[in-house]
Amino acid sequence: MTIRIGNAPCSWGVEFANDPRNPDWKSVLKQCAEAGYKGIELGPVGFMPEDPAILADALAEHDLTLIGGVVFRAFHDPDAWDDVKDGAVRTCKALVAHGAKHLVLIDSISPRRAPTAGRAGESEQMQDIEWAPFRDRIATIARMGAEEYGLTVGIHAHAAGFMDFEPELDRLLDEVPEDILKICFDTGHHSYAGYDPVAFMKRHMERISYMHFKDIDPVVKARAIENRTGFYDACGQGIFCNLGQGDVDFPAVRQVLLDANYEGWCTVEQDCDPSMGTDTLGDARANREYLQSIGF
Ligand SMILES: O=C1C[C@@H](O)[C@H](O)[C@@H](O)C1=O
């Protein structure tokens with residue numbers, strides 16, 4: 001079985017393409033390779049050059065494969081549809097240009113859901129009249145990615161968006177065909193939401209096409225949920241700790257992957273605040289070493 005380990009620009013604090021606090025894209029590729037990774041995600045489209053020739057040269061220079069990319073936009077907001085489509089089309093084009101396989105769809109943070117991140121029982125639920133077009137927007141982009149661009153598309157739950165807790169994830173998976181929508185499973189967001197990542201993986205392994213490896217510090221998580229801390233503030237407080245130091249059971253995650261003969265990329269993500277002087281190279285190295293130490 002071949003499992004390959006990559007990393008993503010959010011481990012260098014890159015959440016939005018135009019954030020002036022972002023590190024230089026070339027330094028992200030350089031550090032990613034220096035830390036021992038062979039693959040990297042695109043990050044928010046526009047962070048890395050959209051001219052394929054420029055990015056191809058830089059990926060080759062660092063012996064990195066482009067794994068995939070995320071569309072982290074407001075699927076929940078009908079008024080943001082043009083922005084969602086723009087992000088999705090540009091991401092698809094960038095992925096195809098570099099032979100990347102995975103398109104990851106994430107509903108971005110909504111002020112309606114941010115205060116109840118980690119509080120499934122209290123969170124506002126969409127009524128059917130809002131849910132149906134929300135689901136259809138996700139399905140439309142999934143169909144485009146799968147059928148027009150030949151990508152493997154995965155839904156990714158994310159704290160503080162409208163696709164976060166198990167019941168809404170299960171509902172979406174029931175209502176959108178599997179041939180266009182699979183799962184990009186993020187261990188850290190699943191724990192943040194209050195569920196057991198390993199149990200979910202065991203139930204859904206046949207639909208999981210791609211993995212994000214994120215760990216979460218249970219003490220910081222409990223405080224963030226208690227205080228209703230915003231997602232980016234929680235990142236600044238270190239909610240996403242080095243792999244192996246949080247509450248995700250990575251040896252068990254590995255065993256589920258092995259049992260399912262999972263093949264392909266698992267991407268490390270340790271979201272951080274780009275202005276806090278985090279030792280991103282050190283963290284990336286430590287995460288790679290930890291994964292190696294448990295057999296990855
Ligand atoms: O996949 C992801 C993309 C990031 O930009 C996002 O905020 C992060 O938490 C994540 O899981």
Item to complete: In whole angstrom, note down how far apart the Cα centers of segment 211-230 and segment 1-68 are.
Response: 25 Å
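When ligands, DNA and RNA are left out and all protein chains stay put, how many square angstrom of accessible area per residue does segment 20-157 have with a 1.4 Å probe?
Values: 5850 Å² over 138 residues.
Ligands and nucleic acids excluded, the figure is 42 Å² per residue.
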Worksheet item: Any idea of M201's accessible area? Nearest 10 Å², probe 1.4 Å.
Response: 0 Å²
Fill in: Probe 1.4 Å - accessible area at Y262, Å² to nearest ten
10 Å²
Worksheet entry | Long-range HN-HN contacts of D186 with modeled amide H, under 5 Å | A157, H212
Worksheet item: For the chain, what is the charge dipole size about the Cα centre, in debye to the nearest 20, if Lys and Arg each add +1 at the Cβ and Asp and Glu each add -1 at the Cβ?
Response: 440 debye
Worksheet item: Using a 1.4 angstrom probe with every protein chain in place, what is the largest-first accessible-area order of T187, T2?
Response: T2, T187
Worksheet item: Using modelled backbone amide H atoms (1.01 Å from N, in-plane), which distant-in-sequence or interchain residues come within less than 5 Å of V71's amide H?
Response: V104, L105, I106
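Once you've got the Cα coordinates, tell me which of K93/K202; K26/K93; K93/K221; K85/K202; K30/K202 are over 31 Å apart.
Values: K93/K202 33 Å; K26/K93 20 Å; K93/K221 36 Å; K85/K202 33 Å; K30/K202 35 Å.
From the list (K93/K202; K26/K93; K93/K221; K85/K202; K30/K202), the Cα-Cα distance tops 31 Å for K93/K202; K93/K221; K85/K202; K30/K202.
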Worksheet entry | Extreme residue, positive dipole direction of the chain, given options I239, G295, C184 (C-beta unit charges) | G295
Item to complete: Mean Kyte-Doolittle of at least -0.5 plus a Cα span of 15 Å or more along the axis: flag which DSSP H helices in the chain meet both, please.
Response: 81-97, 128-143
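Averaged over all directions, how much area does the convex hull of the C-alpha atoms of segment 1-107 cover when projected, in nm²? Mind dumping the intermediate values first?
On the way: hull surface 28.4 nm².
Projected area, direction-averaged: 7.1 nm².
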Response to the item:
Taking the chain and counting helices only, DSSP H stretches of n ≥ 4 at -39,500 (n - 2.57) each over all residues, the nearest-500 ellipticity at 222 nm comes to -12000 deg cm²/dmol
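Once you have the Kirkwood Rh of the chain from its Cα pairs, apply Stokes-Einstein at 10 °C and 1.306 mPa s and quote D in µm²/s. Please list the in-between numbers first.
Numbers: Rh = 18.9 Å.
Result for D is 84 µm²/s.
For segment 3-293, with all protein chains present and a 1.4 Å probe, just round the carbon and sulfur fraction of the accessible area to a whole percent. Working shown, then result.
Details: 5530 of 11530 Å².
Carbon-and-sulfur percentage of accessible area, whole number: 48.
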Practice prompt. Heads up, I need the accessible area for W265: 1.4 angstrom probe, whole protein in place, Å², nearest 10.
Written response: 20 Å²
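The values are calculated or read from the model by the stated rules, or taken from the named source; none is laboratory data. Here the structure is a predicted model, which is why all the values come from computation and not from measurement. Don't worry about glycine lacking a Cβ; one is built from the backbone with ideal geometry, like all the others, and counts go over all protein chains shown. Surface areas here come from the heavy atoms of the whole protein model, side chains and all, with no ligands, DNA or RNA. Shrake-Rupley method; radii C 1.70, N 1.55, O 1.52, S 1.80 Å.
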